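Below you'll find the structure, written out as structure tokens, and then a few comments.
The values are calculated or read from the model by the stated rules, or taken from the named source; none is laboratory data. Keep in mind the model is a prediction, meaning the values are calculated, not measured. In this analysis, Cβ positions are derived from the backbone assuming ideal geometry, glycine residues included, and neighbour counts consider all displayed protein chains. Remember, those area values only see protein heavy atoms, side chains included, never the ligands or the DNA or RNA. Shrake-Rupley method; radii C 1.70, N 1.55, O 1.52, S 1.80 Å.
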Amino acid sequence: MHATGPAAGLRCQPVALPTLGQRVRGGPAQTSAVRPSSSTQAPASCSRRCSSSSGLGYQQPTRRLVHARSAETEDDGFTAAPNDMQEARIIVITSGKGGVGKTTSSANLGMSIARLGYKVCLIDADIGLRNLDLLLGLENRILYTAIDILDGECRLDQALIRDKRWKNLSLLSMSRNRQRYNVTRAHMVQLCEAIIALGYQFIILDCPAGIDVGFINAISPAKESLIVTTPEITSIRDADRVAGLLEANGIYNVKLLVNRVRPDMIQKNDMMSVKDVQEMLGIPLLGAIPEDPQVIISTNRGEPLVLQKQLSLSGIAFENAARRLIGKQDYFVDLNNPHKGLFQKIGEMFSN
Ligand code: ADP
Ligand code: MG
């Protein structure tokens, strides 16, 4: 049976998709780390130097797909009350360096936001090396991927895997493992357009490591980004590089998540503090997640930390970050004094 709704519209025949030549006006090759250009001016509040110029790198989608950037790049763009949210938010979670916690963050933030009542679609944007399905425990339910949609093998709704625990959370994997496909930025934009047409309020893209074509494709539809880093100099340097590339590609609404924080090491001066990392990068902080063995346990179980009956500190920190992402609260979990955050959370559970 075929869908007749917007999803059916994405029963894409590859020939129906515009070619890169049609979309890019004299832009660089697809693999370039810089989107050809953007019509959006850098907002005055942009804290980092921006190298983008004017003009669109690809045709504007006919339907209004994303936010007016001017409104949401005001200082704290990560705010939207459930009822006020007019348009979907497309957030890419990136880092440059691999293994710093992008996929862990995508799974936990996505699940948390879904639990807060929003319709969320997680996209595993890694072509050939997916793993978000494992973290969510959905690996056995994937029959189709985005590449099958682009190949005209299935509809979007067939490739969207709905989480049984929280039905307003869905997962779309770009490809099967080791599968290769020449996905373009236009494909990514079209996929996100079609997902939004199904009523999704958040699209969270789990970006592959590196800054090559996979990164460029993943950031293409996004208007916001969350950069994940650990408090290590190698990760921070890559995060800084990625922040520059995001700006150059017209994404100014960027927040920072510092992962694998060890308060004991910070106290001994063996690790940079979250504040140090934030100041080095000059990116507003969304949250800090402690190093926690529970992360590995939850990964192996296919159950995001935020679903645990008794939340660990990292689970609380992810929930806190998710609530900040939707503008629900503004305190940070104190990693040195976790009970403070815990009591705040309990208090809030009663006040909500
Ligand atoms: P990425 O997607 O950036 O490559 P992952 O989310 O896959 O990173 O995480 C890489 C590894 O680090 C995984 O084994 C994961 O379990 C572990 N990890 C991530 N965050 C934490 C944390 N806060 N505490 C402990 N281990 C973590
Ligand atoms: Mg990953």
Reported set for region 220-241 where residues are part of a helix (DSSP H, G or I) and open to solvent by 20 Å² or more (accessible area, probe 1.4 Å) is Ile233, Thr234, Arg237, Asp238, Asp240, Arg241
Options Leu257, Leu198, Leu245, Leu285; residue that is in contact with a Leu (Cβ under 6 Å, 6 or more places away or on another chain) and surrounded by fewer than 23 Cβ atoms within 10 Å (Cβ to Cβ): Leu285
Unique residue being within 16 Å of ligand 2 (Cβ to nearest atom), of a type outside the set (S, T, N, Q), over 25 Å from Asp292 (Cβ atoms) and at pLDDT 95 or above when the list is Ile90, Ile161, Ile123: Ile123
Kindly provide the set of residues from region 155-169 that are in contact (Cβ under 8 Å) with a residue 12 or more places away in the chain and either surrounded by fewer than 24 Cβ atoms within 10 Å (Cβ to Cβ) or of a type in the set (D, E, K, R) (or both), ordered by number. Arg155, Asp157, Gln158, Leu160, Ile161, Asp163, Arg165, Trp166, Asn168
Within region 292-323, which residues are in contact with an Asp or Glu (Cβ under 7 Å, 6 or more places away or on another chain) and crowded, with 22+ Cβ neighbours inside 10 Å? Val306, Ser314
Can you find, within region 205-214, the residue that is farthest from Leu281 (Cα to Cα) among those that are hydrophobic (A, V, I, L, M, F, W, C) and surrounded by 24 or more Cβ atoms within 10 Å (Cβ to Cβ)? Leu205
Matching entry among Gly137, Gly128, Gly117, Gly98 (being within 13 Å of ligand 2 (Cβ to nearest atom) and on the phi > 0 side of the Ramachandran plot): Gly128
Tell me whether region 284-294 contains one or more residues that are more than 16 Å from ligand 1 (Cβ to nearest atom) and farther than 23 Å from Gly110 by Cα. no
Candidate set: region 82-140, residues that are within 16 Å of ligand 1 (Cβ to nearest atom) and free of Cβ contacts under 8 Å to residues at least 60 places away in the same chain; chosen: the one most open to solvent (accessible area, probe 1.4 Å): Asn131
Does Leu150 fit the bill of being modelled with pLDDT of 95 or more and touching a helix residue (DSSP H, G or I) at 6+ places or on another chain (Cβ under 8 Å)? no
Residue ranges of helices (runs of 4 or more DSSP H) in region 260-330 with at least 2 members within 16 Å of ligand 2 (Cβ to nearest atom), closer than 21 Å to Leu134 by Cα and in contact (Cβ under 8 Å) with a residue 40 or more places away in the chain: 293-301
Looking at region 197-223, I want the residues that are farther than 18 Å from Gly99 by Cα and away from ligand 2 (no atom under 16 Å from the Cβ) and have a partner that is in a strand (DSSP E or B) and not hydrophobic (A, V, I, L, M, F, W, C) with Cβ atoms under 8 Å, at least 6 apart or on another chain. Which pairs are those? Tyr200/Ser170; Gln201/Arg89; Phe202/Arg89; Ile203/Arg89; Lys223/Arg89; Lys223/Asn253
Determine which single condition Gly250 fails, assuming it passes every other condition in (1) open to solvent by 10 Å² or more (accessible area, probe 1.4 Å); (2) out of contact with any strand residue (DSSP E or B) (no Cβ under 9 Å at 6 or more places or on another chain); (3) within 20 Å of Leu205 (Cβ to Cβ); (4) away from ligand 2 (no atom under 16 Å from the Cβ). (1)
